[in-house]
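Have a look at the structure below before the remarks.
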Amino acid sequence: GKIEAEQEIIPFISNEYIKVTVDKVTGLLESIQHVDGVKIDVGQNFYYYAQGQQTLQSGAYSFRPDRQRPVAVTDKVAYNTIRGSLVKEIRQRFSDWITQIIRLYRGEEFVEMEWIIGPIPIGTDLGKEVVSLFTTNITSNGEFFTDSNSRQMMRRTCWNESANNQQIKKPIAACYYPVTSRICIHSGNASVEMCVLVDRTEGGTSYNDGEIELMVHRRLLTDDGFGLEETLNEESYGVGLVVKGKHRILFGNYRQEVDDQTFSERMSLYSRKWQYEPWLFLTSGEKLNRRKW
Amino acid sequence: SYELHLLRHAVSLVLHHDAITGTSQQHVASDFVRILSEAIDACTKKVSNLLSYLTPTWGGSRRTKNNQQFVICHQLNMSQCRFTENQESMLLLVYNPLSVKTYHHVRLPAIALHYTIRDFNDEEVEYQLVPLPAAVINLPGRSSTAIQELCFEAENIPPLGFTAYYIAPVRDQLEENEFAKKFSKSNP
C-alpha cells in the first residue's frame, strides 16, 4: 500500500460500504457513514483509570479505580494513512505505549480497530487500567446490551446516585458487565444501533449516554486483598505485558431488515463468523506435483 | 487417540474459573499455558496426518496419502512465522470450522516484495503488501525480519471444508535491501 506523505494526508478512508473520517487536526475518529445513508458521529480515544492511595484497590478479583471517570491518554494523535486495493488503514499513534490502526477491508461493512497497548508505564501511580472509549451521538437513554455467553443479548442499565437514592459504593464497577462477543447501544427514536464486537472476552459498560467503554489492558502494583496475594503486574521478556487486539464496529438501522435478517441477527452472524475464524495450515510447495494439484 | 486426549484434558483444565478470569497466581497461569500449548502441538501432528488423507492427489496417486507435513503458525498475531519466512514456495490450506460457507482476510508475514498466489483453479489471486507498524516490529520477543504483511482474500471456503492457495515469493535481494533501507529511514 502507498504511505501518504505527512502534508497530503486525507483524513478519511472508504470502501464500497463505509466512509471513516478522522478529525484533521486531532487525528481522532470523528464519524462513520454507511452507503445506505446512515451516519453516526463517533469519537474514540484511550483512557485509563489510575490506582491511587485509596484503601480499597483494584486487583485480580476487583475493579476499584480511584475516581469515577478515566483520564484521556492524549487529546491529539499523530496519524498517517495507507491505501491499497484490498486494505485501507489510518494509523494512529496515541503515545509511545498505545498505537492503533483503523482498518477497512474491501467489501466489508465493519470498521476494524486494531490496538497495541503496553508496556503500561508505572511510576507516577500504582497502576493503570486502560479502556477504549467510544462516544457517539446516539441517545441510548442509559441502556445498553451485552452478551455474557456469546448467545443471547442482555439489557443492561447503569446505576448512578442520581438515578435513585441508594448509596452505591462502587458506581463504575457496578456498571461493568462481561462482554464475550459484543456490546451494543441503540437510540429509541432514530432507530440507529451500533455494536462493538470483541475478539476476546472483556469488561464493558456504557456509563454515559451514547458511550461504549471496553477495558483492554490492566497493569497494577496493588493487590485487592481477596486472596491471590499477587499484583497484576505480569512481565514478558523483562518488560510489562504488551497486548494486541481488535474491535469491530458495526452499525445500522435496527428496525430495517437486510436480506430478511434483522440487525441483531446480522450481528450474531458476524460475531460467530469472527469467533470461528478459518484455520491456516501451511506445507512446503517444493515436492508438490502442481499439475496433479 | 492419545493426542486428542491430551487436548481434551488441557481444554477442560483451562475452563477452570481461575484460568478463565485470570485469578490464579502467575506460576499457575504459566502452567496452564504450558499444558495447553503442549497439547496443541501434539494435535498439530495429528491434524497434519489427517489433512494428508484429505489431500492425496497433491503428491502421489489417489490411493496413497501424501506425506506433506502441515504446520500451524502460532505467532501470526505478531506477524512472525519462521515457516513462511524460510520457504521457497508453500501451500496454504484454509480450513473453515463453521457449518456455513465463509471467506477470510489472510495476513501472512512477507519477506519478498512480489508474490505469485494461485488458487486451486490455478488462477492468479490479487494481493496487497501492507507495511507493518513500528509497534509490531518492535514487539518484545519478536525476532522476525518481515517488515510487511501479505494480505489477500480467501473466498468461498466451504462449510467444514477447506480451500488451498499456492504461494511463491519472487525474490530480488537488491530490491529488498533497498526497500528495507528506505523503510527503516521512514520508520525510525
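A few comments on the model shown:
- If the segment from A:F226 to A:M154 were pulled out straight at 0.36 nm per residue, it would be longer than the present Cα-Cα gap by 23.1 nm.
- Taking each DSSP H run with n ≥ 4 as -39500 (n - 2.57) and averaging over every residue of chain A yields -1500 deg cm²/dmol at 222 nm.
- 10 Å Cβ neighbours from other chains, averaged over peptide A:88-94: 2
- Check: the stretch A:89-151 dipole with +1 on Lys, Arg Cβ and -1 on Asp, Glu Cβ, in debye: 140
- Qualifying lysines (Cα of each under 25 Å from Cα of B:K45; at least 8 residues distant if same chain): A:K287, A:K292, B:K65
- Overall form of the stretch A:230-293: oblate. Here a/c, set by the Cα gyration tensor axes a ≥ b ≥ c, is 1.5 or more, and a/b is not larger than b/c.
- For the stretch A:166-293: relative contact order, % (alpha-carbon pairs under 8 angstrom, 6 or more apart): 22
- Averaged over residues, the count of other Cβ atoms within 10 Å places the peptides A:254-262, A:9-17, B:106-114 in the sequence B:106-114, A:9-17, A:254-262, highest first.
- Counts of other chain beta carbons within 10 angstrom of each beta carbon in peptide B:103-110 average 3.
- Here the label points at A:Y47 and B:D119, each 7 Å from Cα along the C-beta direction, are separated by 4.5 nm in the simple model.
- Based on Cα contacts under 8 Å between residues 6+ apart, chain A shows a relative contact order of 17 percent.
- Simple spin-label estimate for A:V243 and B:E88 in nanometres, 7 Å along Cα-Cβ: 4.4
- Build a GNM of chain A with springs between Cα atoms under 10 Å apart, and of A:S132, A:S85, A:S150 the one that fluctuates most is A:S85.
- Counts of other chain beta carbons within 10 angstrom of each beta carbon in peptide A:74-83 average 1.
- About its Cα centre, the stretch A:188-293 has a charge dipole of approximately 1100 debye under the convention of +1 per Lys or Arg Cβ and -1 per Asp or Glu Cβ, with nothing else charged.
- Among B:F162, B:I35, B:H104 - extreme Cα towards positive end, dipole of the stretch B:34-188, charges at beta-carbon: B:I35
- Of A:K24/B:K185; A:K24/A:K88; A:K39/B:K101, those spanning more than 19 Å from alpha-carbon to alpha-carbon: A:K24/B:K185; A:K39/B:K101
- The value of relative contact order for chain B, using C-alpha pairs under 8 Å at least six residues apart, is 21 percent.
- Dipole magnitude for the stretch A:5-164: computed about the Cα centre from +1 point charges on Lys and Arg Cβ and -1 point charges on Asp and Glu Cβ, it is near 160 debye.
Values in this text are rule-based calculations from the coordinates and carry no lab data. Keep in mind it's a predicted model, so treat the numbers as computed, not measured. Cβ: placed from backbone, ideal geometry, glycine included. Neighbour counts: every protein chain shown.
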